[in-house]
Amino acid sequence: MDITTQEGLLGPLLLARSAIDRSAPLRGDTAWLERAWADGATRVVVVDDGQALVRRRGQGVGLVLLPAADAPPGERYLLGLDAEGIAYFAVAAPLAGAALPNASGRGVAPVALSALRDGETVAAGLRQVGSLLEDLDAGLLVYAVALEAWHATHEFCPRCGGRTEVRSGGHVRVCPQDGSQHFPRVDPAVIMLVHDDEDRCLLARGPQWPEGRFSVLAGFVEPGESLENAVAREVAEEVGVRVVEPRYLGSQPWPFPRSLMLGFFARAVSTEFVLDREEIAEARWFSRAELRAALDSGEVRLPSEVSIARRLIETWYGEPLTGDW
């Protein structure tokens, strides 16, 4: 595949899906928020430290959405309206407060999903079930997890230290002492597949990862820096390779805790590695045949399909791959 002639699309990224209108104009309407919460059609996702309840539904997995009357007490955040006008909220609260008759009380690993009985409910996070949820559920969970993570770290005003209060349907925290407003934070990060003139891709392993776990390079955008400059800087810092022609392909939220991943291809004009050992334990160039052989043998494992890293690698390769972390 000649990636220099692609249209610049990664296709439907799994954590970028959504089927709701975020309804920003309604967030400041206190009366409407109360009416929506009292509406029997309104549905709520309870989120607790990045996890929510999911239920096996036939061959699939769905997010457990409660009527507002059954939701446990906790901070509530407006997520928006669907095409039929049904309102959706998130509530940050212990999942034990949202226990259901068929709840197992255990977390879920990818290998365990197939073992769930139809109707059984378990606690899971986006990494486990993000690829299994339908568009509505995936969008609701990404949104809820991101808001919960931000609120959990912004209970106090960074200016005066006073305790802040939730406003605007969960999209603002206000300090009652100095009147300052604080808005949900998003940290932009570039993530890039580097390829060379021999049509090889660069994959690397972090020092905290086990042997065989590889991915593309990534890093946060610094203040006053363009996305393109961040791509070149991060690659040079991490592996000592110089790149040109960074080409944007797509983005998706990565709420662990608050990143927005911006995906790029970039062409290498040098290929020798000088590794930053604090960031990179190992880096390798792979042809398509070499990557296929390494995956087949189990020598290399790739990021899960819920990640933009996996989509970048598969876009370069030209078709879906197997061999998850």
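Just so it is clear, none of the values below were taken in a lab; they were calculated from the coordinates. Owing to the predicted nature of the structure, the values given are computational and were not obtained by experimental measurement. Cβ sites come from the backbone with ideal geometry, for glycine too, and all protein chains shown count toward neighbours.
Annotation for region 287-309 versus region 234-278: alpha-carbon center distance of 18 Å.
For region 117-221, the square roots a ≥ b ≥ c of the C-alpha gyration tensor eigenvalues yield an a/c of 1.5 or more together with a/b not exceeding b/c, which makes the shape oblate.
If the chain linking Arg288 and Glu225 were pulled fully straight, counting 0.36 nm for each residue of separation and taking away their Cα-Cα distance, it would gain 19.4 nm. Using the Cβ-Cβ distance between Asp118 and Leu321 with R0 set to 22 Å, the FRET efficiency works out to roughly 0.15. Across the alpha-carbon atoms of region 186-317, the computed radius of gyration and Dmax are 13.8, 44 angstrom.
Residues whose amide H falls under 5 Å from that of Ala281, counting only those 5 or more places apart or on a different chain, are Arg205, Gly206, with hydrogens built in the peptide plane. Beta bridges per DSSP, both residues in the chain: antiparallel share near 70 percent. If both residues of a DSSP beta bridge must be in region 186-317, then about 70% of such bridges are antiparallel. As a proxy for reagent exposure, Arg292, Arg117, Arg27 were ordered by neighbouring Cβ count within 10 angstrom, fewest first; the result is Arg117, Arg292, Arg27. Within the listed set Val129, Val174, Val190, the Gaussian network model of the chain (springs between alpha-carbon atoms below 10 Å) gives the highest mean-square fluctuation for Val174.
Note on Thr30 and Ala281: their simple-model spin labels are 5.4 nm apart, each label 7 Å out from Cα toward Cβ. For a 4.7 Å threshold on C-beta separation, the list of partnerless cysteines in the chain reads Cys160, Cys201. Answer rounded, prolate or oblate for the chain, using the Cα gyration tensor with square roots of eigenvalues a ≥ b ≥ c: rounded when a/c is under 1.5, else prolate when a/b is larger than b/c, else oblate. Note, shape of the chain comes out prolate. Rounded to the nearest 500, the helix-only mean residue ellipticity at 222 nm of the chain stands at -6000 deg cm²/dmol, with each DSSP H run of n ≥ 4 adding -39,500 (n - 2.57). Membrane-span-like helices in the chain: DSSP H runs reaching 24 Å or more (Cα, own axis), mean Kyte hydropathy at least 0.5? Membrane-span-like by this rule: 135-152. Between region 160-174 and region 46-86, the C-alpha centres lie 23 angstrom from each other. Note on Glu299 and Asp178: the extension gain reaches 37.9 nm, defined as 0.36 nm multiplied by sequence separation minus the Cα-Cα distance.
Between Arg267 and Ala152, the C-beta separation translates, for a Förster distance of 41 Å, into a calculated FRET efficiency of about 0.55. Note down the relative contact order for region 186-317 as a percent, whole number, built from C-alpha pairs under 8 angstrom at least six residues apart. Worked out over region 186-317, it gives 33 percent.
In a fully extended conformation the segment linking Arg242 and Glu198 would gain 14.3 nm over its present Cα-Cα distance, using 0.36 nm per residue. Most fluctuating residue of Ala41, Ala268, Ala230 in a GNM of the chain with Cα springs under 10 Å: which is it? Among Ala41, Ala268, Ala230, the largest mean-square fluctuation in the Gaussian network model of the chain belongs to Ala41. Highest GNM mean-square fluctuation among Glu211, Glu278, Glu120, for the chain modelled with Cα contacts below 10 Å: Glu278. The label point for Glu211 and the one for Ala83, both projected 7 Å from the Cα toward the Cβ, are 5.1 nm apart.
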